[in-house]
Each structure stands twice: as structure tokens, then as C-alpha cells.
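J.: First the structure, which I've put down as C-alpha cells, then a few questions once you've had a look.
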Protein chains: 2
Amino acid sequence: MCIFVLKNEKPHIAILKSELMKIAIAQLNYHIGNFEGNLSKMLASVKKAEEKGADIVVFGELSTCGYPPRDFLEFDDFITKSEACVEKLAKASHNIAIVVGSPTRNPVIEGKDLFNSAIFLYGGKVLHTQHKALLPTYDIFDEYRYFEPATEFKPVEFKGKKIALTVCEDIWNVGNENPMYVTCPLDEMQPMNPDFVINLSASPFNYNSGSTRIGVLKANVERYGLPMFYANQSGAQTEVIFEGGSLVVSPDGNVFDELPYFKEELRVYDLDEVMKGGVNREQPKEKMSLIHDAIVMGIKDYFGKLGFKKAVLGLSGGIDSAVTAALAARALGPENVLAVLMPSQFSSDHSVNDARGLAENFGMPYKIIPIKGAYDAFMGELETHFEGRPFNVTEENIQARSRGVYLMALSNKFGNILLNTSNKSEMAVGYGTLYGDMCGGLSVIGDVYKSEVFELARFINKDGELIPENTITKPPSAELRPDQKDSDSLPDYDILDEVLYQYIENRKGPKEIIAMGFDEKLVARVLRLVNINEFKRYQTAPVIRVSSKAFGVGRRMPIVGKYLS
Amino acid sequence: MCIFVLKNEKPHIAILKSELMKIAIAQLNYHIGNFEGNLSKMLASVKKAEEKGADIVVFGELSTCGYPPRDFLEFDDFITKSEACVEKLAKASHNIAIVVGSPTRNPVIEGKDLFNSAIFLYGGKVLHTQHKALLPTYDIFDEYRYFEPATEFKPVEFKGKKIALTVCEDIWNVGNENPMYVTCPLDEMQPMNPDFVINLSASPFNYNSGSTRIGVLKANVERYGLPMFYANQSGAQTEVIFEGGSLVVSPDGNVFDELPYFKEELRVYDLDEVMKGGVNREQPKEKMSLIHDAIVMGIKDYFGKLGFKKAVLGLSGGIDSAVTAALAARALGPENVLAVLMPSQFSSDHSVNDARGLAENFGMPYKIIPIKGAYDAFMGELETHFEGRPFNVTEENIQARSRGVYLMALSNKFGNILLNTSNKSEMAVGYGTLYGDMCGGLSVIGDVYKSEVFELARFINKDGELIPENTITKPPSAELRPDQKDSDSLPDYDILDEVLYQYIENRKGPKEIIAMGFDEKLVARVLRLVNINEFKRYQTAPVIRVSSKAFGVGRRMPIVGKYLS
């Protein structure tokens, strides 16, 4: 709109107007249902933004109640509490406009009961409410379960500017090119000549989301020629990570600013400066670095938001538990991570040494608890009941489950949360023991394929050996029977992970995957393993999501299905 | 339409026409993703219907692929296989029309990729396709995740009749009075004067669904004056039960026929007879009988569809495991249910006797495995690590988890599925041990409140004492410490269950529940317990759903939420 202003017959006044406009983006870490906490964070940001001379401060989507609130939205009391938050924020809007995200009630009887709204507060009251039109209902999203889509679109006028308010997905159908949607909110508002766009988001992280998001914002700027102020949130809500990376994009398509990843931040922008453009402040986006930081935040927030400080986990000497422990140590402090080494008769010598080495490198407390006594006690009772059947996966599972009992006992006695150490590859094919090594309150690397776990270990070691080199280089083994190797039961991880990626992330069927050059029998075997193990994944911990398709709430599969199985 | 025909100038011809129309309802038990199985079932029903002289045979919603297929719908290969099923059915439609439910592709780029369709096959080809308009996206339903709603509505013409095809929810917005929806398919079709309505359903069971469904059908008949042929499915898909109870309703509002509950059935109706009405063949709907039969089907289908025959479960002498065992014995045959009695030092004398009595009454095999050895082994290793902290819930959990290890060992060794015995009240407040008594592949009574478990026990005993009387009358206890009673930790079940019902089924908030006369502190405590135990329920088995709101896929709550907690 800068161009239009310069062509205007009264450039002087126009420039004066824009000089007055300062927009603050508050990238905050909300907590679902913690109205008091969210409100006090927002009020502190309002104050800070005011002190910095901002005219407007923008918060994230559903910032009153936190995102995703899920079925809490079905409780009238929960909505009332969100409304009370908005009222209190309105009282703080006498000298600064506040744009807050909140659920609002649909006064029309027909349709869903709620809207997902951006509310513009100023002078102590609601100046404008714009509902969200595009309601993501895929992967982890269930918005159409709760919300009615907007059908009316109107910019809000404030201090001589027209501002197009949008909520998250609303800007993801640029020029109606997103096949999922049939409306395009900014197309609707364009004829009313808005001066700039504000977007309130709860846009979740995956290792590609930063680039994708910038692409979407640039496409909007290209289409509408308007500067965009995009406020994402930062923080983890159980499995869903919001990395922040809020954006300001100039009309020339340059990223005027990209807010930091994985932390809270408040920054104020002069609209005039943004209009000028010519500055590109994109951050680096390195996959392993992003995954590392996302998981660290995921652990930290899971514990912090549940009111816990300490973790416990089993350390086998293998790479999965080593990486999990390293990430936990960074999230919680090594002194708060109790490592438990539980050798059995099948454990190799290096297992205990490697595990102890890791604990010592990080400075974590550790305990050694041999499982032989418990295992023998179980087997002693079971021998007659097993009717002479040979050693098989049952005995392996008894070892894994005995470890689970020890870990949970320490978790219960000391009020720690047990961390699950399964990786995505083994979760996919069911290579793990339910109620054994699949125990834990939070799956730390359950969205990281085994081949990526190796990369992550190298990343953690980039400034020196923290994870023992032997842990990274030795052949993976569950050590539940003599000389066992993962490769006895599974294809090589490099191949396995590629097949899994095509099936899970890309949702390719067997024919398509075989056409890519993979062996037909191997593909059939892997896909079958994935499908017959839904029952195991159904009962495992929430998985910190770092890819575009994680196990858990974003991937909903029938258990009794008979498909490729 | 009967009335219109009689008013018609050519009543003779009109009656002749209707004399020729016979409609078969095939109420079948489909299996998600089992295309071959579903197809062969449908082809057998086509043959049977043909033999009985039917002009049309009607199957259920998404009968090619089974309901709910969930994210399998995102696989192109899965849709292709559904289409192949429809093609094969078309080839069987030379002498009889077939109405089948199947996902179909949306040729328009904008909007969701699929429709949920009723396909009318005749003469070897598709005569008409009517897409579903009302897409349930609440509770266990996720239809808007996958499907685009229909915007065009047209009856199909067949042998001189106009037939309005509808899919399940399409008839649940009678006269636009359902607040969730803004369209009403039969209102759209009414101006085209259909002669009757066919509905293909996958309408899930709860202990009120039978009456609700009849109410909805009668409301439709009252509004449109048309006879309705409503084909539901019968069978369980993991946690979701379809009870059947397909319906034929005459224009006079009488239930001309209601098909049996919990079994497959094919019946043929003469349209003329249905038009006449005056007959009411509703079935009795007794809550405990329905819950009993629904759970029996739930167990049977979970095992059958996964290819298992045998179950194992822990029998404590208490009422929950007794009722679970009884239901399993009825579903699988008592010889296929292995009961395991695992006494500890805290078990009372009557526990083993009551458990043994139950096993003997039903004729189930049972084993006795004391847990002392395993418990002592764990405690021996843990003693020093516990640093002198007193006996608490940790030691209780070690007992429960030792039992879990034994049960899972027997499950693994003999290829049985472990049944979970938790009731809805204890699942709600977290009164159970994760990886201990919360183990199991299927939660049998997890949607039955404790007070209802007592009713169910009485129902099971209605023709004689199968569950020992002492099991029903003694005070509930977990027997994990000396003289423990449930009432030490929990409010009386009668009160607890009422509060839970208001919170879970009715989604009432604290203020509303207190206003009903419940103690303020008790309400706060119960609601807090429910909310802080989401992490436990997240990791438990699928729960056979018998109420309008079960734990699991139909109730989606954040774990890190801080609401009433």
C-alpha cells in the first residue's frame, strides 16, 4: 500500500499516519486451560509493548485458553473463562490496541456452537471480531469438531488504517490454490482495501515448517502487495510443538523479521520501516538443530506444565536411550535426570560401560539395578505354566517388563516422570515390548527414525564426545537373547526407514513404494508390520512431534482393520 | 405417498407398480479394510435377496471398506480397492438393484478428496450416486477430516419409483432442527416427490441409541409422509459397536419392522405392506441386557477380526474381573478364557475362593500364581534405592505390575489376548496402576460405571448364581495394602458415579454440578482427579463403548491442560 500512498494526492498526511503506527508481535508460550497464567503473560506483554510505544500488540490463536484445547471446548464453563480473559484484556486496552485469539459463541442456533476468533480490543472494549474461516481438520487438527467457519469478512479500522485480521489457516489458501478449501478470506477483504494483514497463529512445528510458512507468507504478499504481521506461539502442548518463528514480511516479499525459534519474544515494528522492505532477516533452518531444539522444548514444557522437575529413564548403552538422556539433560538439567542401568545375563560388557560413560559425560546421577533376581522369580513361577514351550519373545518381554517395573517404581517413589526411549522405526514395526521398554509418560524420540537418531547423536556430539562413540558405532541390539542384533529381525534401517517414510509421511501404498525400486516382499512385510502393530502404538505415550506425520493424535488408524495385514 | 396414490386418478396402475417392489435390508457385520470379506458377504446377501424375490438390496454405510476406516482413507490404494468392490457388485446387479455404501472420489480439486456415498447399482452399472451431506464430526466421528459434503440431491428412479437415497446422519436434521447442521437433504429432495427413503447407516450403539434412532425415523416420517428403509450394520470395530436394529417405518409412523440387535440378518419387505402400516414390531430395550450383549459382541469381534480365539485375564475375586470374565466366557466360550489368580500377602481368604468359584461356575480353566516371589525380588533390589522412604502407592503398584508381567507372559506364550478389567469409575479418577491392572488389549467394562457393574453382575446372575454372591456384596477393595477399601480413597460409588456422569456424559462444569446439590469440595476433587489422570487413560486399551461418551477416541482431552486441575 506504500505505493498507493505515494501516488496519493496527500502524501504528507499519509506518511504522517503511517509514522504513527507501531505493531508489537508477542510470541508467547501459552498453557491450555491455564487462564490465569495466559492472562498474566499477556498483560505483562501489553505493558511492555506500551512502554515500547506500540499502537497494537498481537497475540496468538486461542491465546486465552491455549491451543489445542480439544474437548475442553465442549464445556460451557471453559468458554466462560475464556470470555472473562478477553474482558480483562479489554480493560488493559485504553492506550494500546490488543489483538487476542479466543473461542467465541455462535449466536445462531444452526451450525457449530463456537467460532475461533481474532478479537480487536481498544479503548476498553471490543472494536471488532473476525472469525476464522478455514478450519483445519486433518492430521493433529480437529477444528471442525468445534467451530463454525466465518462467512463474513471485514477489516477493522484503527488510527486511520484498515487492518485485515486473519487466524492461522485463513492465509493458507492463497488465491484459492489450496485444494482443501473453497473460500479465501483475504480475497474477500481485498476489495475493502486493507493496509496490512495481521495473522494470529498456532502453527505447529515440523522440521520443514519454518520454510513452508515463509513460502506461504510470501505468496500472500505477492498476491495482495500488503505487509504481513504474523504472530505464532512458542511452546509445547503435550506432543504438539509450536516453535515460534513469527514473521513480518514487507510488501517487496522480503522477510523483514523472523522471531526466534523455541522461545518467547516481544518485538515492535514501525509500519513505515516494514513498508520500505529491502531487509531479509530469515534464520538458518538446519534439520538436526531444529529437531534437537524442538525436543528439548517438548520435554521442558511437558514437565513444566505438569508441575514436574525430574525424569527417570533406562540407559541400556544403546543409541536410543543415550540420545533421549542427552536431550532430557539439556531440557531439565543433568542433575534432574536419573539414569538407571539394568543389566541382564544377555547384556554385553560394553553396555554398562557405555551407559555409565554417558551418564558421567553429562553429569547425571545413575543407579545400577540388575534384573536377574526379578527375571528368575518370574520364570520360577512360570516354568510349570509354560508347559515346556521353548524360549521365545515371551522371555525377552519378561526382561523388558521387569525393567519397566523398576523404572516405574523409581518414578512413583520419587515423583519423577519416566521417559520413553523408543524411536520411530521400532514403534512403526512393533519392535518393542508393550509395558516394557514402551513404558513412559512421554515419548522423546518416537517421531525420529533410527537413521535420524544417529544423525541426532552426531549433532549432540558436534562439540565433543558426550555420547560415547561406541554407542554410536556398534550394531544396534535389544540384548534380550544371546548375540541378538536388530538386523536379525529387521531390514537394514536405511532401507526400512525409507519405506516407512513413504508409507507414513507420504501415505504411499504398496504399489507406489514398489515402483520406487524397493523389494516387493520387503515392502509387503514392512507395511504389514506397521498395520498389525496399531494395538501397541495405541497404548504408548504421546510422541513429541517433529515430522509432518507422527504417531499419535495426528495418525488415526483402526486396530481391527485388515488392510495390508 | 400412499394417500397421494389413492387420490390419484389412476389408482389401479399405482397399486400395480408398488406391488412389484420388494426391498431387502441386509444388516451385515463388515470388517474395516477386509475388502474380500466384505464383498463376499455382500454377494452372498445379493444372491439370497434375489432368491427371495427382492428388487433392491440395501447394505450399510461404507460397506465396501467398513466403518470407520479412519486414516486408511488417505491412501489412494485403499480407495482403489473400495472402487474395485463396487465394480464387482455392479456385475451382480443384472437382476436386482444393489445399494452399497463406499468412498468415492471428488473430481473437483477444491474441497476434500472424497465423498461418503450411497451408490445405486443396476443392470451391471452405476445408476445413481448420492453423496452424504451431513458429516458427523464429534465424539467418535471424524468425517469432515476426509469427506466433502454433498451439495446436490436427487432421487434415483427405478421401476417407476423415485427413491431418496440418504447416508446415515443425512436424516438426523429433520426439518433443520438439529443445531449442528444447516442443510437438510430430504427437504432438498421433497420437491422431486420421492416414493420412499433408503438410508445406509453406520450408526453406533449406546444403551439409548435404539430409542433415539426410532425417534429420528418417526420424525422423518411425520415430516415427509414417506416410508423409510434404514439399513444399519451389526458388529464391532475395535471400540465402536454397531448393534444393527435396522428399521422399516410405515407412513403412519409405525415401526413396521426392527431387525435384531447384535447379529446379521437379511429381510425382504413388500413396499405395499409397509405402506399399509398398522403394525408395530419394536424390540424390547432393556439397558443391562443391551450393555451385556453389546460387550459380548465387542469381545467376540475384537478377537475374531484380529484372528484370535483365546483370552487371558486376572481374576481377583472382585466384581470387575468377575463380570469381565463372565462376559468373555459368553463371547469366546469358557474353555477359551484362562483365568489367573494371583494372590499376595494382602489378599483376603475369600479372594481366591471367590475367584475360583467363578471360574468353576463358568467352567473356565484357571491357574494360581502367587506374586510374592516377584514382589520380594523387586523390593530386595529396590530397598537401598528407596532411601528409607515409607511404604506408599509405589509398593502397591509393584504388586499390580508384577501381576501384569505374569498375565502378559501367559498372553505372549500362548498367543492369548489379555483382557483389561478396569471399570469406568476407576478409569475416570485414575484409581488403577498403569502397566499393572490397566494392562490389556481390550477394555471390556471401561465404559461401565462401578454402580452399573453391580447391575450387570445381577443381570448375569438372573437365572442362577454364576458370579459368587460374595463377590457382589463384599466392599470393593484393591487389596494392595492391609485392610484396604476403595472407600478409603474414593467417595461412595453412587455419588462418585453421578458426578462423573454429569461431567463426562453431560459435559457439565463444576458450577452446574454443584448447583445440582453435590458437595462443592467433592465436585472439585472428583473433576480434578479426572483431569490429572488423562495421561493414564491415554495409554490404556480401547474401551468397548456402551454409553454416549466413552473414554478413548470419542473424548479428546489435552494431557498438559491445566483446567480444574
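J.: Considering only DSSP beta bridges whose two residues both sit in chain A, what percent are antiparallel, to the nearest 5?
T.: 55
J.: Could you tell me which of rounded, prolate or oblate describes the stretch A:416-565, using a ≥ b ≥ c as the square roots of the eigenvalues of the alpha-carbon gyration tensor, with rounded for a/c under 1.5 and, failing that, prolate when a/b is larger than b/c and oblate otherwise?
T.: Prolate.
J.: Considering just Cα atoms, how many Å³ per residue does the convex hull of chain B enclose?
T.: 173
J.: Would you report the distance distribution of C-alpha pairs in the stretch B:110-219 as whole percents per 5 angstrom bin, up to the bin with the largest distance?
T.: 2, 11, 20, 24, 20, 13, 7, 2, 0
J.: Okay, next question. Can you compute the label reach from B:Glu157? Point 7 Å from Cα along the Cβ direction, backbone N cut-off under 19 Å, restricted to the stretch B:122-151.
T.: B:122-130
J.: Also, quick follow-up: Using only helices, what value at 222 nm comes out for the protein assembly as shown when you add -39,500 (n - 2.57) per DSSP H run of length 4 or more and divide by the total residues, to the nearest 500 deg cm²/dmol?
T.: -12000 deg cm²/dmol
J.: For the protein assembly as shown, give the magnitude of the charge dipole about the Cα centre (Cβ charges: +1 Lys/Arg, -1 Asp/Glu; no others), in debye to the nearest 20.
T.: It comes to approximately 500 debye.
J.: Out of the DSSP beta bridges found with both residues in the protein assembly as shown, what percent are antiparallel (nearest 5)?
T.: Here the share of antiparallel DSSP bridges comes out near 55 percent.
J.: FRET efficiency for B:Ser489 and B:Asp349, Cβ-Cβ distance as r, R0 = 25 Å, nearest 0.05?
T.: In this case the efficiency is close to 0.60.
J.: What ratio of Cα Rg to 2.2 N^0.38 Å holds for the stretch A:317-409?
T.: 1.26
J.: Once both axes come from the Cα atoms, what is the angle between helix A:349-362 and the longest principal axis of chain A, in degrees from 0 to 90, rounded to 10?
T.: Here the helix axis deviates by roughly 30 degrees.
J.: Measure out, as a whole number of angstrom, how far apart the alpha-carbon centroids of the stretch A:203-230 and the stretch B:466-491 sit.
T.: Here the two parts' Cα centres lie 59 Å apart.
J.: Please report, for the Cα atoms of the protein assembly as shown, the Rg to one decimal and the Dmax as a whole number; what are they, in angstrom?
T.: Here Rg and the maximum Cα pair distance are 30.8, 97 Å.
J.: Tell me the net charge near B:Ile119. Cut-off is 13 Å between Cβ atoms, B:Ile119 excluded, with +1 for each Lys or Arg and -1 for each Asp or Glu.
T.: Net local charge, B:Ile119 excluded: +1.
J.: In whole Å, what is the distance between the alpha-carbon centres of the stretch B:60-127 and the stretch A:103-125?
T.: Value for the Cα centre distance between the two parts: 39 Å.
J.: Can you compute the charge dipole magnitude of the stretch B:355-426 about its Cα centre, using +1 on each Lys and Arg Cβ and -1 on each Asp and Glu Cβ, nothing else charged? Give it in debye, rounded to the nearest 20.
T.: With Lys and Arg at +1 and Asp and Glu at -1, about 380 debye.
J.: In nm, to one decimal, how far is the modelled label at B:Phe391 from the one at A:Val279, with both set 7 Å along Cα→Cβ?
T.: 6.8
J.: Roughly how compact is the stretch A:22-275, stated as its Cα Rg over 2.2 N^0.38 Å to two decimals?
T.: 0.90
J.: Right, another one. How much length, in nm to one decimal, is gained on full extension between A:Asp376 and A:Leu20, taken as 0.36 nm per residue of separation minus their Cα-Cα distance?
T.: Working it through step by step, the gained length comes to 120.5 nm.
J.: Under 16 Å Cα to Cα from A:Lys511, which lysines show up? Leave out anything in the same chain fewer than 8 places away.
T.: By straight Cα distance, A:Lys511 reaches A:Lys521, B:Lys81.
J.: Give A:Lys287/A:Lys424; A:Lys485/B:Lys372; B:Lys52/B:Lys91; A:Lys47/A:Lys162 a once-over and call out the pairs whose C-alpha atoms are over 26 Å from each other.
T.: Beyond 26 Å between Cα atoms: A:Lys485/B:Lys372.
J.: Further question: Could you work out the mean count of beta carbons from other protein chains within 10 Å of each residue's beta carbon in A:139-150?
T.: That average works out to 3.
J.: Same structure, new question: Relative contact order (percent) for chain A, with alpha-carbon contacts under 8 angstrom and 6 or more residues of separation?
T.: With pairs under 8 Å counted, the relative contact order is 11 percent.
J.: Local charge sum around B:Ala359 (other residues, Cβ-Cβ under 12 Å, Lys/Arg +1, Asp/Glu -1)?
T.: That sum, taken over residues with Cβ under 12 Å, equals -1.
J.: Tell me the Kirkwood radius of the stretch A:290-486: reciprocal of the mean inverse pair distance over distinct alpha-carbon atoms, in Å.
T.: For the stretch A:290-486, inverting the mean 1/r across all distinct Cα pairs yields 16.9 Å.
Coordinate-derived values only; no laboratory data. Keep in mind that this is a model prediction, so the values were computed, not measured. Every residue, glycine as well, gets a Cβ built from its backbone with ideal geometry; the counts of neighbours run over all protein chains shown.
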